[in-house]
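Step one of this worksheet: look at the structure below.
Read-outs: derived from the displayed coordinates by stated rules, not from any lab. Computed from a predicted model, the values in this text were never measured in an experiment. Every residue, glycine as well, gets a Cβ built from its backbone with ideal geometry; the counts of neighbours run over all protein chains shown.
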Amino acid sequence: MINEYYPRVTVNLQKLRHNIDEIKRRCDEQGVNLVGVIKGCTGIPQCTKVFEQAGCQYIASSRLEQIRDAIDYGVKGPFMLIRIPMLCEVDEAVRLTEISLNSEVEGLRALNQAAKRQGKIHKVILMIDLGDLREGFWDRDELLEAALMTEKDMDNLYLAGIGTNLGCYGSIVPTVEKLDELVDCAEMIEAKIGRSLDIISGGASTSMPRIFDRNMPERINQLRIGEAIVNAKDSRDLFGYDMSFMYQDAFVLKAMVIEVKDKPSHPVGEIGYDAFGMKQEYTDRGIRRRALLALGKVDYAFHDMIYPIEKGVEVLGASSDHTIVDIEDATKKIKVGDIMEFTLCYATIVYATNSPNVKIVFE
């Protein structure tokens, strides 16, 4: 009788700590402080505690509820909010975090008032858009005006530094030249305010190649890293780096087989649209052995981004609540009730750990 609940994600906290330590050591060697970003694993408090124990400069998330959960779990922080604060959450942003990323003067004024109400000084990083076209000041004069206003007129804010994000929307590569632009902006501000900025935050995991290649511009002293820690798959598969020193299986998805049948590999009848309104293409490989798993796209979103650990298994597709895998060439016989295991990428870790239908288990 099987009494364990599936689907589940097993989290190996020792492997996660190893990954944090490896990235932190490489950043430390080049004078770059590591901000540990927890949103990639939905801010699981047990994982957040590991980031704290590893000595990250800040623990960061885009979601205040994840930071709140971490504090309730006993994590001391300090915490960084890495999505521009909504006006409706400035009070909580000040209460829960020491520092936040910002790109709107109206938001800065609201934060200043929230900090004044709470008797606090809240640190801010002004974000600059260097071409990726997500958050950040685009006009350099507007950036400078906001910096001067923060420095001179907002008594409850401290201008800690500037930062940028590259690669998350516009796919712009954080080249040395792009990051030199960030340094130039920092020095423009410093010349006007008459002091050095504490932080020049050079981006997220997409900026890790500058660490691996050891050509990070000298004045950049902070990176905000999530994906390159939780499994480093993008660094390996997209950017071509040898990541054999990192674990790609700190997070493993496990699902139960609920059906095993020999079926045609091509649907039979007139083909229309699937459950998500997509028109799919199928390859006819004749009759094949298939297994049906009790989880689907609502749990992990992308069927082509879960990777079977069992040799000879191929993920064919998924509907909302079912995943179909080809097991014709599996190296072992698979039967109903068996558990199949999959490694994940950053995107599928985010979805799976955020699904209320997926149990989180720690190793």
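As an exercise, find the ratio Rg/Rh for the stretch 35-180 from alpha-carbon atoms, using the Kirkwood inverse-distance average for Rh.
0.97
Let me spell out the model: positive unit charges on the Cβ of Lys and Arg, negative unit charges on the Cβ of Asp and Glu, origin at the Cα centre of the stretch 31-234. What dipole size does that give, in debye rounded to 20? Walk me through the numbers before you get to the answer.
On the way: 23 positive and 31 negative charges, 150 e Å.
Roughly 720 debye for the stretch 31-234.
Per q in 0.24 1/Å, what log10 I(q)/I(0) does a Debye calculation on the alpha-carbon atoms of the stretch 192-268 return?
Those come out to -1.13, one per q.
Take every Cα pair under 8 Å in the chain that's 6+ residues apart, average their separations, divide by the length, and report that relative contact order as a whole percent.
Dividing the mean separation by the residue count of the chain yields 18 percent.
Would you mind ranking E281, E29 so that the residue whose beta carbon has the fewest other beta carbons within 10 Å leads the list?
So the residues, fewest neighbours to most, are E281, E29.
Please give the helix 13-29 orientation as an angle from the longest Cα principal axis of the chain, in degrees from 0 to 90, rounded to the nearest 10.
40
Taking the alpha-carbon centroid of each part, what is the distance from the stretch 91-155 to the stretch 23-46 in angstrom?
Computed from Cα coordinates, the inter-centre distance equals 23 Å.
Please work out how much length the chain gains when fully extended from K116 to M188, using 0.36 nm per residue of separation minus the C-alpha to C-alpha distance, in nm with one decimal.
Once the chain is fully extended between K116 and M188, it gains 23.1 nm.
Farthest toward the dipole's positive end in the chain, which of N357, I200, L111, given Cβ charges of +1 (Lys, Arg) and -1 (Asp, Glu) about the Cα centre?
Ranked along the dipole, the leading option is N357.
If each DSSP helix of 4+ residues adds -39,500 (n - 2.57) and the sum is divided by the residues in the chain, what number results at 222 nm, nearest 500 deg cm²/dmol? Working shown, then result.
Working: 12 runs with 116 residues, N = 363.
Rounded to the nearest 500, the figure is -9500 deg cm²/dmol.
Considering only DSSP beta bridges whose two residues both sit in the chain, what percent are antiparallel, to the nearest 5?
Working: 27 of 59 bridges.
Of those bridges, close to 45 percent are antiparallel.
Hull surface divided by four, with the convex hull built on the Cα atoms of the stretch 297-363: how many nm²?
4.9
Nearest 10 degrees, 0 to 90: what angle lies between the long axis of helix 105-118 and the longest principal axis of the chain (Cα atoms)?
Its long axis makes an angle of about 80 degrees.
Using the structure shown, list the pairs from K49/K359; K116/K192; K39/K311 with a Cα-Cα distance above 27 Å, or answer none.
Values: K49/K359 19 Å; K116/K192 25 Å; K39/K311 31 Å.
K39/K311, as the Cα separations exceed 27 Å there.
Specify the inter-centroid distance of the stretch 177-216 and the stretch 313-334, based on alpha-carbon positions, in whole Å.
Measuring centre to centre over Cα atoms gives 46 Å.
Restricting to DSSP loop positions (anything but H, G, I, E, B) with no more than 16 other Cβ atoms inside 10 Å of their own Cβ, which chymotrypsin sites (Phe, Trp or Tyr not before Pro) remain in the stretch 108-217?
Within the stretch 108-217, the qualifying chymotrypsin sites (Phe, Trp or Tyr not before Pro) (loop, at most 16 other Cβ atoms within 10 Å) are W138, Y169.
What are the semi-axes of the equivalent ellipsoid of the stretch 251-362, taken as the square roots of 5 times the eigenvalues of the Cα gyration tensor, listed largest first and rounded to whole Å? Working shown, then result.
Details: eigenvalues 102, 66, 26 Å².
Rounded to whole Å, the semi-axes are 23, 18, 11.
For C345, C47, C168, what's the fewest-to-most ordering of other Cβ within 10 Å of each Cβ?
Fewest-to-most ranking of C345, C47, C168: C168, C345, C47.
About the Cα centre of the chain, how large is the charge dipole given +1 on each Lys and Arg Cβ and -1 on each Asp and Glu Cβ? Please answer in debye to the nearest 20.
Values: 44 positive and 56 negative charges, 232 e Å.
Dipole about the Cα centre, nearest 20: 1120 debye.
So for each of 244-252, 124-132 I average, over its residues, the number of other beta carbons within 10 Å; can you give me the resulting order with the highest mean first?
124-132, 244-252
Cut-off under 15 Å on the C-alpha distance; same-chain residues fewer than 8 positions from K335 excluded. Which aspartates and glutamates are left, in chain and number order?
K335 reaches E259, D262, E310, D326.
In Å and on Cα atoms, what radius of gyration and Dmax does the chain show?
For the chain, the Cα-based Rg and Dmax read 23.2, 74 Å.
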